[in-house]
Amino acid sequence: MSRICCICGKKLGMLDAKCLTKDKENVCQDDVQRIFSDKSVTKLGIKLNAANAIANYESSYLISLVADGKKIPINSQLDRITEQVDKVKADKLVGVKPILKTLPSILDEDEEILCATNGNSGSEVMLLLSTNKRFLAVYRAPMGLETKSINIPLSKINDLSYKSGMIFAKLFISNGSQNFKFTNLSLDGAKALTNSLNEQLNRNENTVSQNTVTSSADEIVKFKKLADDGIITQEEFEAKKKQLLDL
């Protein structure tokens, strides 16, 4: 590893601000600023989150990025989550910016947000989400002192409904052992969130049903071969076939 910036070729002294790429090449402070779309460099040097982000990329990718005049965000996962929420929010969300910052540590990398709205749990304003994996309600106290979340995987949801009032709606959801109630949802938000969750539940149910049919068909083929080979009798095969088809 040489003491030059892999992007601009600048010679770097011992006191020059720099950070390392994934393949252990140096990037100077000026190029760090060129690479990212926000303020990643201060008078004191390169911010830690910028240095950590640089370490996720190969030098060849960063060189081509700068050559093309493109930039990347430091927290690409947060930006992706924010874009998803903006795209699928059912209504105008209030006070969710602090909550959004907690989501990268809660959501899986392949998890997709399908609907977002606001609701109250007691006196706490929560961000309510439907994803391709679960129902999620997240609360973050002022100044980021505390984060609470209610996480119910789709497979655990066994009761879901909402009740409309004159202005607001209430959402009811249960995982079998606990019942949760959220208040002060907008009517559009409650309807959109419920519909989104129901769509995912129906899709999962159909997938399980299709897998069951496929599994039964495979078993029938297997027992038919056993009957053809004389290992089991035709009567035993017919009995097993009826059992698998639930006749």
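For the chain, taking the reciprocal of the average inverse distance between every pair of different Cα atoms yields a Kirkwood hydrodynamic radius of 22.6 Å. Compute the Cα gyration tensor for the range 76-201, then decide on rounded, prolate or oblate, letting a ≥ b ≥ c be the square roots of its eigenvalues: rounded whenever a/c is under 1.5, prolate when a/b is larger than b/c in the other cases, and oblate in all that remain. Since a/c stays below 1.5, the shape of the range 76-201 is classed as rounded. How big is the gap, in Å, between the Cα center of the range 14-79 and the Cα center of the range 161-206? Here the two parts' Cα centres lie 43 Å apart. Near Asp218: Cβ cut-off under 14 Å, other residues only, Lys/Arg at +1 and Asp/Glu at -1. The net charge is +4.
Take the alpha carbon gyration tensor of the range 1-72, find the square roots of its eigenvalues, order them as a ≥ b ≥ c, and report rounded if a/c is under 1.5; if not, report prolate when a/b exceeds b/c, else oblate.
Working: a/c = 1.41, a/b = 1.05, b/c = 1.34.
Rounded shape, in that the Cα axes give a/c under 1.5.
Take the Cα of Ser64, step 7 Å toward its Cβ, do the same at Lys224, and the gap between the two points is 5.0 nm. Sequence neighbours fewer than 8 away in the same chain don't count; with that in mind, list the lysines whose C-alpha is under 26 Å from Lys148. The reachable lysines, counting only those whose Cα sits under 26 Å from Lys148, are Lys87, Lys89, Lys92, Lys97, Lys101, Lys133, Lys156, Lys163, Lys170, Lys181, Lys191.
Taking the Cα centre of the chain as origin and assigning +1 to Lys and Arg Cβ atoms and -1 to Asp and Glu Cβ atoms, the resulting dipole is close to 1140 debye. Taking Cα atoms, how many degrees apart are the long axis of helix 187-228 and the longest axis of the chain, rounded to 10 and kept between 0 and 90? Value to nearest ten degrees: 60.
Scanning the chain for GluC sites (Glu not before Pro) that sit in a DSSP loop and have at most 14 other Cβ atoms within 10 Å, the longest stretch containing none of them is 147-247.
Where a number appears in this text, it was derived from the coordinates with a stated rule and is not lab data. What you see is a predicted model; the values in this text were computed from it and never measured. Please note: Cβ atoms are built from the backbone with ideal geometry, for glycine as well, and neighbour counts cover all protein chains shown.
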